[in-house]
1. So for the stretch 68-81 (the condition being of a type in the set (Val, Ile, Thr) and in contact with a Cys (Cβ under 7 Å, 6 or more places away or on another chain)), does at least one residue qualify?
2. Can you tell which of Asp111, Asp36, Asp68 is surrounded by fewer than 21 Cβ atoms within 10 Å (Cβ to Cβ), acidic (Asp, Glu) and within 14 Å of the chain's Cα centre (by Cα)?
3. So which residues in the stretch 78-106 are farther than 19 Å from Cys121 by Cα and either part of a helix (DSSP H, G or I) or touching a helix residue (DSSP H, G or I) at 6+ places or on another chain (Cβ under 6 Å) (or both)?
4. Can you tell which of Lys13, Lys47 is farther than 24 Å from Gln107 by Cβ, within 11 Å of the chain's Cα centre (by Cα) and surrounded by fewer than 18 Cβ atoms within 10 Å (Cβ to Cβ)?
5. If the requirement is being in a helix (DSSP H, G or I), within 20 Å of Asp119 (Cβ to Cβ) and touching a helix residue (DSSP H, G or I) at 6+ places or on another chain (Cβ under 7 Å), which of these qualifies: Asp33, Asp71?
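Derivation of every value follows stated rules applied to the coordinates shown; laboratory data play no part. All values derive from a computational prediction rather than experimental measurement. Ideal geometry is used to build each Cβ from the backbone, glycine not excepted, and the neighbour counts take in all protein chains shown.
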Amino acid sequence: MSNFIAEFPKYRKWAVIGVSEDREKYGNKIYRDLRDAGYQVYAINPKLQTVEGDRCYASLKDLPDTPDVVDLVVPPAVGLKVVEECLSLGIKRIWFQPGSESDEAVQKAQDGDMEVVHDACIMIQKQAWV
């Protein structure tokens, strides 16, 4: 997994699944952190129209193009569904924020030849990149 983490900075287009309007929640913090660092970041939450003044999409299939990495800030049961959507769209990289992963979702992503990061926070790892 550490080899994947080392490669992730070169991927500049991210989708954050589970963004929130609440600036205290990690879905919002991660979205802002990546966006403010210059990454192109798509916000995904079917219950929201905008986040931090940016358009929010209902799902990955609604994006104008394919993200390089999908970052999950959702409950594990939702994470499994996101893995299935990623696989159907040909997305090759997924980052499970701590608490969003399940053994089943991680295994399904790995079985689908996805590059998988779990048990690591993107905001902490990103500090080493910049």
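1. Looking for residues that are of a type in the set (Val, Ile, Thr) and in contact with a Cys (Cβ under 7 Å, 6 or more places away or on another chain), one finds at least one in the stretch 68-81, hence yes.
2. Selected residue: Asp68, the only one of Asp111, Asp36, Asp68 that is surrounded by fewer than 21 Cβ atoms within 10 Å (Cβ to Cβ), acidic (Asp, Glu) and within 14 Å of the chain's Cα centre (by Cα).
3. Lys81, Glu84, Glu85, Cys86, Leu87, Ser88, Leu89, Glu104 - these are the residues of the stretch 78-106 that are farther than 19 Å from Cys121 by Cα and either part of a helix (DSSP H, G or I) or touching a helix residue (DSSP H, G or I) at 6+ places or on another chain (Cβ under 6 Å) (or both).
4. Testing whether each residue is farther than 24 Å from Gln107 by Cβ, within 11 Å of the chain's Cα centre (by Cα) and surrounded by fewer than 18 Cβ atoms within 10 Å (Cβ to Cβ) leaves just Lys13.
5. None of the other options fit; the residue is Asp33.
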